[in-house]
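The values are calculated or read from the model by the stated rules, or taken from the named source; none is laboratory data. Remember, predicted model here, so these are calculated numbers, not experimental data. Glycine gets a Cβ as well: all are built from the backbone with ideal geometry, and neighbour counts include every protein chain shown.
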């Protein structure tokens, strides 16, 4: 060990040592006044001074180490933050990729139009279902939505193996996965045999087991949902209601599109602005398919009086509509029909050819898309539906107060409305003298009487 008391350190060694005589002489020196002489090296340096210098150097190095430690800790913290940021970006990118993959898997059938019908036929064939109507197919499949009594995935019927998937179970169930793998193997084998005979039906992109499996899973899930809905009367009723509402909304969107096309002419004719703010698919009448068997005698009589065939529609009003707003919608219908008739007459006459002895140049014949109207009749106002003005848009359309019947609004004080469109008040009286069909005028008069009687009561 190093003896710091005598000036020996790891970085210091005495270059010249004292001779024995010098050391003995130094040991024999008497002390004066009680003070002892401080030993010095032969180089003449004070060992305490050397120790102090070494301590200073150590302190400097310790300070440098502390600074380096702080810098290293700062770098580590920055690196951790960078890693967290990268992990967040990776997670976001992964979610986007998974979302795209799910979307692609959902629409994969449309990307393989040749494979789609082959897959559907194969599924029905393996389940022993003939190519019947959709409702009949689902009812036949629903008979075997649970597992067979012998716990087997298939059974033999007339010498043919018929699969019985468990439609009420998850798609990953063992029976269902065996069924799906059999579908893939069957399609692959059939296509291989046809290809050997130069009668292949699938493209190269279709003849991939993973693609076929993805489409098979998608089709299985669709069938399973429909089959389970048929098996449960309540679920089936809800599904039918959703389908019916979807049809009604599609028709309302079609008519709303026509109304928007008539807005510009309406504003010029009546000198108003921003009329489009009152138009929304969820604010229009319900256009329902005529079910001749469910029509009452009075309703069927109205249909015949308005000369509407049984394959037409019936217009069902809404209880919250004000009389003036209904008149406004009928005027938009009239303007659109007049524009359509003008366009038809203009296109039928054709362009005027200049006088010339040469034959007119041949032109490619084009067919204008017909904007045909399905004929409809108005049911009695007493059969109006109480569907509130709720817009389904991402940014909902808020109705104006003038669009809503005052009596309905008093019963529903929580309904959000906007002020404005004061010109709409009394529009029914002004619209009566406008260009309205005889049926429209008759219905508006009937509606006015019905609303007046209701307000009196």
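Residues that are within 25 Å of residue 112 (Cα to Cα), within 28 Å of the chain's Cα centre (by Cα) and surrounded by 13 or more Cβ atoms within 10 Å (Cβ to Cβ): does the stretch 185-207 have at least one? Yes, because at least one residue in the stretch 185-207 is within 25 Å of residue 112 (Cα to Cα), within 28 Å of the chain's Cα centre (by Cα) and surrounded by 13 or more Cβ atoms within 10 Å (Cβ to Cβ).
Among the candidates 224, 237, 276, which residue alone is free of Cβ contacts under 8 Å to residues at least 40 places away in the same chain, under 30 Å from residue 119 (Cα atoms) and not in a loop (DSSP other than H, G, I, E, B)? Talk me through it step by step, then tell me what you get.
Working: 224 fails: free of Cβ contacts under 8 Å to residues at least 40 places away in the same chain; 276 fails: under 30 Å from residue 119 (Cα atoms).
237 is the lone residue from the list that is free of Cβ contacts under 8 Å to residues at least 40 places away in the same chain, under 30 Å from residue 119 (Cα atoms) and not in a loop (DSSP other than H, G, I, E, B).
Kindly establish whether residue 70 is modelled with pLDDT of 65 or more, surrounded by 13 or more Cβ atoms within 10 Å (Cβ to Cβ) and more than 26 Å from the chain's Cα centre (by Cα). The answer is no for residue 70.
The single condition among (1) within 30 Å of residue 279 (Cβ to Cβ); (2) in contact with a helix residue (DSSP H, G or I) (Cβ under 7 Å, 6 or more places away or on another chain); (3) modelled with pLDDT of 85 or more that residue 254 does not meet is (2). Looking only at residues of the stretch 291-300 that are in a helix (DSSP H, G or I) and in contact with a helix residue (DSSP H, G or I) (Cβ under 8 Å, 6 or more places away or on another chain), we find that the one that is modelled with the lowest pLDDT is 292.
Taking residue 260 as the residue in question, decide whether it is in contact with a strand residue (DSSP E or B) (Cβ under 6 Å, 6 or more places away or on another chain) and either modelled with pLDDT of 85 or more or assigned to a helix (DSSP H, G or I) (or both).
Taking the combined requirement at face value, the residue does not satisfy it.
Quick check: anything in the stretch 165-181 under 14 Å from residue 124 (Cα atoms), modelled with pLDDT of 80 or more and not in a helix (DSSP H, G or I)? Yes, that holds for at least one residue. Scanning the stretch 412-438 for residues that are out of contact with any helix residue (DSSP H, G or I) (no Cβ under 9 Å at 6 or more places or on another chain) and at pLDDT below 90 gives 433, 438. Counting residues in the stretch 115-122 that are at pLDDT 80 or above and in a loop (DSSP other than H, G, I, E, B) gives zero. Regarding the stretch 77-93, can at least one residue be identified that is modelled with pLDDT of 70 or more, farther than 30 Å from residue 213 by Cα and more than 39 Å from the chain's Cα centre (by Cα)? For the stretch 77-93, residues modelled with pLDDT of 70 or more, farther than 30 Å from residue 213 by Cα and more than 39 Å from the chain's Cα centre (by Cα): present. With respect to being surrounded by 16 or more Cβ atoms within 10 Å (Cβ to Cβ), more than 16 Å from residue 120 (Cα to Cα) and either touching a residue at least 12 places away in the same chain (Cβ under 8 Å) or outside the structural domain of residue 164 (by TED's automatic domain parsing) (or both), residue 271 falls outside the description. Of the residues making up the stretch 314-330, those that are over 13 Å from residue 403 (Cα atoms) and assigned to a loop (DSSP other than H, G, I, E, B) number 1.
One line per residue, one yes/no per condition, for (1) out of contact with any helix residue (DSSP H, G or I) (no Cβ under 7 Å at 6 or more places or on another chain); (2) modelled with pLDDT under 90:
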| site | (1), (2) |
| --- | --- |
| 264 | yes, no |
| 272 | no, no |
| 283 | yes, no |
| 289 | yes, yes |
